[in-house]
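Student: There's a structure below that I have some questions on.
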Amino acid sequence: MDKHEIISDLMDRHGTDVLHLAYSYVRNHQTAEDLAQEIFIKCYEKLDTFQGNSSIDTWLYRVAVNHCKDYVTSWHYRKMHASDVISSYFTGGSSSAEQDLIEQEEKTELLNEILQLPLKYREIIFLYYYQQCTQKEIGDICGLNLNTVKSRMTRGKEILKKSLTKRGEWNGERTGRSKRSKA
């Protein structure tokens, strides 16, 4: 495959995931779209530097995480106020409109709680539960050793549980989540 085909394939398979990952950092839909475009442009430009030490998917997420971290620490980002609220991140297939609404609200509340976590926990939780990355892949993407990933995931889940318990929303099993989306 040539460079154009590889990037096109990555965009088709991971475009939405990269957008959601970017959103988890900036919490603004328009900014996340801009970052996703920049990430794929950067991948296109740097594709020749891909050494094959990991899968190309892992490399893409590593580029995405690093680009988002650079943006979040930039002067521009620190000076602007992120105000978009996510409303259509998840969709569910349930039996009634009322059930759909309840599940959507629960998913949105859980995601909002995740977005309130400190970045070092948020990125681990997001990559694991929403991008379905393994702990090893997360370590590769974030440049962390496996034990650090595990401890941050544990700590992030503890913070989430404490926050949801305080709000009276934790019952150990929340409805409407995928098999790996227990917090």
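Student: Can you tell me which residues in region 142-161 are within 14 Å of Leu127 (Cβ to Cβ) and touching a Leu at 6+ places or on another chain (Cβ under 8 Å)?
Tutor: Correct list: Cys142, Arg152, Gly156.
Student: Sticking with this structure for a sec: Of the numbered conditions (1) modelled with pLDDT of 90 or more; (2) in a helix (DSSP H, G or I); (3) within 25 Å of Lys161 (Cα to Cα), Leu144 fails exactly one; give the number of that condition.
Tutor: Against the list (1) modelled with pLDDT of 90 or more; (2) in a helix (DSSP H, G or I); (3) within 25 Å of Lys161 (Cα to Cα), Leu144 comes up short only on (2).
Student: Can you name the residue in region 1-28 that is of a type in the set (Ser, Thr, Tyr) and over 14 Å from Glu123 (Cα atoms) and is also surrounded by the fewest Cβ atoms within 10 Å (Cβ to Cβ) among such residues?
Tutor: My answer is Thr16.
Student: Counting only residues that are among the aromatic types (Phe, Trp, Tyr) and in contact with a Cys (Cβ under 7 Å, 6 or more places away or on another chain), how many does region 104-139 have?
Tutor: 0
Student: Another question, if that's okay. Specify the residue that is nearest to Ile125 (Cα to Cα); the eligible residues are those in region 29-38 that are open to solvent by less than 70 Å² (accessible area, probe 1.4 Å) and more than 14 Å from the chain's Cα centre (by Cα).
Tutor: Taking the candidates together, the pick is Thr31.
Student: Regarding Lys46, is this residue in the same structural domain as Leu160 (by the TED database), open to solvent by 70 Å² or more (accessible area, probe 1.4 Å) and either modelled with pLDDT of 90 or more or more than 25 Å from Arg152 (Cα to Cα) (or both)?
Tutor: No: the conditions fail for Lys46.
Student: Quick test for you: out of Glu137, Glu123, Glu113, pick the one residue that is closer than 19 Å to Ser54 by Cβ and open to solvent by less than 40 Å² (accessible area, probe 1.4 Å).
Tutor: Glu123
Student: Considering only region 49-73, how many residues are open to solvent by 40 Å² or more (accessible area, probe 1.4 Å), under 20 Å from the mean Cα position of the chain (by Cα) and of a type in the set (Gly, Ala, Ser)?
Tutor: 2
The values are calculated or read from the model by the stated rules, or taken from the named source; none is laboratory data. Remember, it's a predicted structure, so these values are computed and weren't measured experimentally. A quick note on method: Cβ atoms are made from the backbone with ideal geometry, for glycine too, and the neighbour counts reach across all protein chains shown. SASA here: full protein model, heavy atoms, side chains in, ligands and nucleic acids out. Shrake-Rupley method; radii C 1.70, N 1.55, O 1.52, S 1.80 Å.
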